[in-house]
Amino acid sequence: MRSAFFALLVAAGAFLVIDIREMREANATLPGHDPMTTDAPVLPPALTEGVPQAPPVEPETPRETLRQPMRFELLSGGVLKAEGSIDPGAATRFADEIAARGEYVKTVSLNSPGGSVDDALAMSRLIRETGLDTKVATRALCASSCPLIFAGGVAREAEEDAILGVHQVFNAGQDRPSPEQAMSSAQNTTARIARHLDDMGIESGLWLNALETPPDRLYYLTREEMADFRLTTEPLATAEQVE
């Protein structure tokens, strides 16, 4: 079953770029989700068959703040807040932060509209390797590639009214690859993400919803879906609860 699943994902990635020439023309009116670009939406509308709908909850953080490169702040209780767009280099700064103050960090609290997939994957792996938990606070945002980071937590908590959403990966840069290069890149990225989520123990439905959602929309996850996809984990019982 797992082999068939990976084959399906790679095939889906290929279909995303088969009509790359037509997609290039369509991109002139398609607002790709690049949070580092001032005219791109920080919070795309929900995926619908008709008129785009607003997200279920508005983020508490101003959108101008979320557009800024990701920064890190150590809060009380061993919480490291990671806020802003996942710019190229965010993973390196995160690794430096963990190397410098990792002994004090227990949980990474995410508030990000997404960004670099490579950096998100690297951050997620480091979180799992160092045994840290992840969370998305009330009215905080974790969208696009941010759930990849969230998946790295040993324990993963989405508080009430936390906003988590996924969509297709895409090339947000200025360079436009050839159809062959685009197909190869899409297949490679699709396989890497699928393998990573599988390694983190996340169910396949999460990424399948992402593959079906255009980059100018978000598939907003319900609390039930987060639990079903094992994106969130059950809270550990404390000694008092056991008694």
Check your understanding: What is the distance, in nm, between label points placed 7 Å from the Cα along the Cα-to-Cβ direction at Ala54 and at Arg71?
Key -> 2.8 nm
Review point. Working out 0.36 nm times the residue gap between Glu129 and Thr233, then minus their Cα-Cα distance, what length gain in nm do you get to one decimal?
Key: 35.7 nm
**Study point:** Cα-projected label distance for Lys81 with Arg195, points at 7 Å along beta-carbon direction, nm
**Key:** 3.6 nm
Exercise for review: May I ask for the distance between the Cα centers of the stretch 186-213 and the stretch 66-133, given as a whole number of Å?
Suggested key: 21 Å
**Study point:** Sequence-distant residues sharing a close amide H with Ser144 (under 5 Å, placed H)
**Key:** Gly165, Val166, His167
Check your understanding: Which of the GluC sites (Glu not before Pro) found in the stretch 71-167 are loop residues per DSSP with 11 or fewer other Cβ atoms within 10 Å of their Cβ?
Key -> Glu160
Practice item. Would you kindly derive the ³J(HN,Hα) couplings of the stretch 108-122 from the backbone phi angles with the Karplus curve 6.51 cos²θ - 1.76 cosθ + 1.60 (θ = phi - 60°), listing them in order in whole Hz, with x for Gly and Pro? Key: 9, 9, 9, 8, 8, x, x, x, 4, 5, 4, 5, 4, 5, 5
**Study point:** In order through the stretch 125-130: 3J(HN,Hα) via Karplus (6.51 cos²θ - 1.76 cosθ + 1.60), integer Hz, x for Gly, Pro
**Key:** 5, 5, 4, 5, 5, 8
Practice item. From largest accessible area down, sort Lys81, Lys135, Lys106; use a 1.4 Å probe on the protein chains. Key: Lys106, Lys81, Lys135
Check your understanding: When the dipole is taken about the Cα centre of the stretch 94-185, and only Lys, Arg (+1) and Asp, Glu (-1) are charged at their Cβ, what size is it in debye, to the nearest 20?
Key -> 80 debye
Check your understanding: Amide H to amide H, which residues 5 or more places from Val108 or on other chains are under 5 Å from it, using H placed in the peptide plane?
Key -> Leu80, Asp133, Thr134, Lys135
Practice item. Quick one: which residues, 5+ away or cross-chain, put their amide H under 5 Å from the amide H of Arg139? H built at 1.01 Å from N. Key: Ala162, Ile163
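The values are calculated or read from the model by the stated rules, or taken from the named source; none is laboratory data. Source: prediction; values computed, not measured. Cβ: placed from backbone, ideal geometry, glycine included. Neighbour counts: every protein chain shown. Please note that ligands, DNA and RNA were not included when accessible areas were found on the heavy atoms of the full protein model with its side chains. Shrake-Rupley method; radii C 1.70, N 1.55, O 1.52, S 1.80 Å.
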